[in-house]
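Contents: one structure, followed by commentary.
The values are calculated or read from the model by the stated rules, or taken from the named source; none is laboratory data. Just so it is clear, the model here is predicted, and its values are computed rather than measured. Please note: Cβ atoms are built from the backbone with ideal geometry, for glycine as well, and neighbour counts cover all protein chains shown.
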Amino acid sequence: MDHIKRALEATILPQLQQNKVILLFGTRRVGKTFLLKQLQSKLDVRVLWLNGEDFEVQELFRKRSEAALRNIIGDSRILMVDEAQAIPEVGKVLKLMIDTNPDLCILATGSSSLDLAGMSGEPLTGRNISHLLFPIAQGELGQSALQAAQHLDERLVYGSYPELFQHADFRQKALYLQELVQSYLLKDILAYSGIRHSDKIFSLLRLIAFQVGSEVSYQELSNRLGISKITVENYLDLLSKVYILFKLPAYSSNQRNEVSRAVKWYFYDNGIRNAVINDFRAPALRNDLGALWENYIIAERIKQQRYAGSLTQWYFWRNYQQQEVDLLEHENGVLRAFEIKYQMPRKIKIPGAFRAAYPNTEIRCIHRDNYLDFVV
C-alpha cells in the first residue's frame, strides 16, 4: 500500500496551516492512521502524535484547565489525535485547545460519524473541517486503462480496502474481508448504546446486500426480520453512519407521475457486500453481475466527486409505470442522467417520460468500456 497516495493528502496538507480542528472520518482499516503518518512525513514543524485509545492519553485529557492542556501541547504546532472518539467529551477538549492556542492545528480521526456527537457537534461549530476517507478509489491507483481492465474483476469481487493490496492470494483476501466485517465494522455498531437486537444487524445487511440496485421496502424488511419498521430505519441509519451503506433517494420535481419516496441502498465497498453474503465467485460465474457493477460504479463516482470537493447530490428516477433511470446527479441546478450497464448496449434506452419531463438533461450510458472517464 505504501505506493498508493491518498487523494485527501493534497487536500488536508495546506489546511494544517490553519487554526482549525480537522476531522478525518472513515471505517476501521480504511487507512486513516496511514494517511496521518504520510502527512506527518511532509511537515517541517513539530508534531505531537497521540492515540486516543491509550488510557494514559485519556487520563491526560481529563484535566480540562488551560495550563494542563498547554503542557500537553508544549511547543508543538500540530497535534494529531488518532481514534479521538475514545477520549471522553473530546469535542470540548479540542475546542479549548484550539481557542487558547492560536498557532495550533489539530488533526483528529474517528471511525464513524457516530463520533460526531463528541467531536464535531456544538463544541466545534465553526472551528472544524471534516473529511471522509473511503476505501481506495480507482483514481488513487494511478493505473493505465490496461491495468485497470486487468484488475477490474478483482475489484468488483474483493473491493478496495487498503490491506487487500498486500494479499496476492484470493482466499486470503476473502478471509480478510470476512474478519473485517465481523470483528471491526459491525463492532462499531454493536458498541453504540441503544442497540437492542444486535443479532438482527447482520441479517439486515444480508437482505440489503441481495437487494442492491433495487428499491427497498422498510415494511418488507420489518416483516422478514420480525422487528418494527422504525427499528429497520434506525439500523440502516446506523449502517450509513459507520460508512458501510449509503442510500439513493428517488428524484422528483413534483411531476404527478414520479415516485418520490422510494429509496435504494448500496455498499461503499463491493468486497464488504460480498463478504456479507459469503460469495466471492468470479463475475463470469455470477447471476448478480449487474448489481455488482452498479454498486461499484456509483460508489466509485461518489468517491471521485467527494474528493474533488463537489457538492453533487445523487438520486435514481422512476415513475409509476416502472420506467427508471439508474443514476441522477444534481449540482448547481444542473441535472445529469446515467444508465449503468456492464456491457455496452447497442442503444441507450431512456424512458420517454423522463425525456419529456427533463428535455435538457444530459444522458449517458456508463459501461465497462468507458467507465474510467466517469470514476477517475
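Here's the yes/no breakdown for (1) within 23 Å of A275 (Cα to Cα); (2) surrounded by fewer than 17 Cβ atoms within 10 Å (Cβ to Cβ); (3) assigned by TED's automatic domain parsing to the domain that holds A291:
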| site | (1), (2), (3) |
| --- | --- |
| I208 | yes, no, yes |
| V212 | yes, no, yes |
| Q219 | no, yes, yes |
| N223 | no, yes, yes |
| G226 | no, yes, yes |
| V232 | yes, no, yes |
| Y235 | yes, no, yes |
| V242 | yes, no, yes |
| F246 | yes, yes, yes |
Provide a single number: the residues in the stretch 232-251 that are assigned to a loop (DSSP other than H, G, I, E, B) and free of Cβ contacts under 8 Å to residues at least 60 places away in the same chain. 0
Please specify each residue of the stretch 327-352 satisfying the condition of being under 11 Å from R364 (Cβ atoms) and touching a residue at least 60 places away in the same chain (Cβ under 8 Å). L327
Every residue in the stretch 44-81 that is in a loop (DSSP other than H, G, I, E, B) and surrounded by 14 or more Cβ atoms within 10 Å (Cβ to Cβ), please. G52, D54, S76, R77
Out of the stretch 252-284, which residues are among the β-branched types (V, I, T) and in a strand (DSSP E or B)? V263
Since L36 meets every condition but one in (1) surrounded by 14 or more Cβ atoms within 10 Å (Cβ to Cβ); (2) out of contact with any Phe, Trp or Tyr (no Cβ under 8 Å at 6 or more places or on another chain); (3) in a helix (DSSP H, G or I), which condition does it not meet? (2)
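Quick grid of which residues meet (1) touching a residue at least 40 places away in the same chain (Cβ under 8 Å); (2) among the hydrophobic types (A, V, I, L, M, F, W, C):
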residue: I22; (1), (2): yes, yes
residue: R64; (1), (2): no, no
residue: A67; (1), (2): no, yes
residue: N71; (1), (2): no, no
Can you go through R306, R346, R336, R318 and tell me which one is outside any helix (DSSP H, G or I), assigned by TED's automatic domain parsing to the domain that holds V157 and farther than 27 Å from Q255 by Cα? R346
With respect to the numbered conditions (1) closer than 30 Å to A356 by Cα; (2) surrounded by 23 or more Cβ atoms within 10 Å (Cβ to Cβ); (3) among the basic types (K, R), which one is the sole condition not fulfilled by R273? (1)
Counting only residues that are buried (at least 16 other Cβ atoms within 10 Å of the Cβ) and β-branched (V, I, T), the stretch 276-286 contains a total of 1
